[in-house]
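I have placed the structure first, in the form of structure tokens, so that the comments after it can refer back to it.
All of the numbers you see were taken from the coordinates with simple rules; none came from a lab. None of these values were measured; they are calculated from a predicted model. FYI the Cβ positions are ideal-geometry reconstructions off the backbone, even for glycines, and counts take in every protein chain you see.
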Amino acid sequence: MDNVDVKSVKDSNSYSNYLELDKLLNTQNPVTGKHENTAHEELLFIIVHQAYELWFKQILHELDSVLSILQQDYLDERYLTTIVERCERIKKIQNLINQQIDVMQTMTPMDFLNFRKYLGTASGFQSFQFRSLELKCGRIFPNLKFVCQGFTLEETNKFMQTASNRSLFDVANNWLENMPFLKYQDFDFWQEYKKSTTKMLQAEMELVKADNYLSTEEKVIKQKSLAETLPTFAEFLNPNSYDSDKWSCRFSKKALLSALFIFSYRKEPILYLPYAFLSSLMDIDENLTIWRQKHVMMVQRMIGGKMGTGGSSGHQYLQSTVEKGRIFSDLFNLSNFLIPASTLPRLPIELQRQLDFRFSV
Ligand code: HEM
């Protein structure tokens, strides 16, 4: 420090000036101090929530940039690197904030009781940033007005505007639909995949028949299950039949089949980034679900079956949101239709060349 000119540091932008710490560090004001003895844990409660809101802000910043790139009329594939990098950042932040629940839980339910009554009707339910994040990822809210309870008028208007924009789910669906390669000259992925799965299931049928270790009853059960699988595959792979209620899918059929193609041929160099992007979408969904699960467990520990300060049934309500909040379950469920690499349709040489790239000649 000997060589540092203290005056010039003062004059220039200092650490606390740059970060506006005077403002930031003056926004933790426990209410208990104003009424009775300060509840020691209230500061932790405030800081953990504020830290969440800061990280939500960063996640929204990343999400907005990913959305604006994916909404361009023409997507230069080079941007996929940026998209994947930003999704990776979102995942890391999610991992971090999911662990913050553990910090919150160093406060006991008895400690919480020392200040819970001062929260009034304030509740995480009213977090505008959390809701915006869910909406931008693609969560569907059947009742938007219900979600806006507790928002300011400005927040409500902004939220409604976001609801009319395309979400991460929408742009991913669109991007998948536009993926080439499903049909290439005479090669039709749907048809070829159907042939491969039929062959694979018939071979499995033969194996069951020839298995001397299985009893007759066991053989019947296994054969019945394989026989039922065949039409399921056939229907799924038929581009003209798509009963979204039956499959309970949100992605379009074409988008799902593109995702299946990317999963199956992910080792082809050109599919590396598309696969990383789809994996990121699943990870983001999984991390959100883990947050909901951890939060609901914490809530039960803190308040048991009592009502929430926001007026909901508390633990019971939150438990019901765990599955309702899922966004990319279709990608998880695609595993029903994956087949071993050895049974995948062989790609035509010309198509393989198109999926390839080389660093050297
Ligand atoms: C002692 C700790 C906590 C308790 C007892 C608690 C309790 C609750 C309860 C009961 C609800 C349901 C709505 C209501 O009626 O109030 C809720 C919702 C919510 N809380 Fe917490 N919470 C805690 C910590 C946190 C933290 C640290 C965050 C981080 C931001 C958070 C964010 C949320 C969000 C976003 C919702 C809305 C969830 C949804 O509707 O899907 N909570 N909380």
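Counting helices only, and only those DSSP H runs with n ≥ 4, report the 222 nm mean residue ellipticity of the chain as the sum of -39,500 (n - 2.57) divided by its residues, in deg cm²/dmol to the nearest 500. Walk me through the intermediate numbers first.
Numbers: 19 runs with 227 residues, N = 361.
That comes out to -19500 deg cm²/dmol.
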Q: Evaluate Rg over Rh across the stretch 299-361, taking Cα atoms for both radii and Kirkwood's formula for Rh.
A: 1.42
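Is the shape of the stretch 128-170 best called rounded, prolate or oblate, per the rule: a/c under 1.5 gives rounded, else a/b larger than b/c gives prolate, else oblate, with a ≥ b ≥ c the square roots of the Cα gyration tensor eigenvalues? Working shown, then result.
Details: a/c = 1.84, a/b = 1.63, b/c = 1.13.
Judged from the Cα gyration tensor, the stretch 128-170 comes out prolate (a/c at least 1.5, a/b above b/c).
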Q: Compute the length gained on full extension between E204 and R346: take 0.36 nm times their separation in residues and subtract their Cα-Cα distance, giving the result in nm to one decimal.
A: 49.1 nm
Q: Kindly give Rg over Rh for the stretch 183-321, based on alpha-carbon atoms, with the Kirkwood expression for the hydrodynamic radius.
A: 1.14
**Q.** Computed P(r) (all Cα pairs; the chain; 10 Å bins; percent)
**A.** 4, 18, 24, 21, 16, 11, 5, 2, 0, 0
Q. Which residue, chosen from L214, F151, F130, occupies the Cα position most advanced towards the positive end of the dipole of the stretch 124-235, where the dipole is computed from +1 (Lys, Arg) and -1 (Asp, Glu) charges on Cβ about the Cα centre?
A. F151
Q) Counting every Cα pair in the stretch 52-135, what percent are over 21 Å apart? A) 48 percent
Q) For the stretch 58-216, what is the largest minus smallest coordinate of the Cα atoms on each principal axis, given in angstrom and ordered from greatest to least? A) 71, 52, 31
Q) Rg/Rh for the stretch 257-338: what does it come to with C-alpha atoms and Rh from Kirkwood? A) 1.19
Q) If the convex hull of the alpha-carbon atoms of the stretch 179-243 is projected onto planes in all directions, what is the mean projected area in square nanometres? A) 5.7 nm²
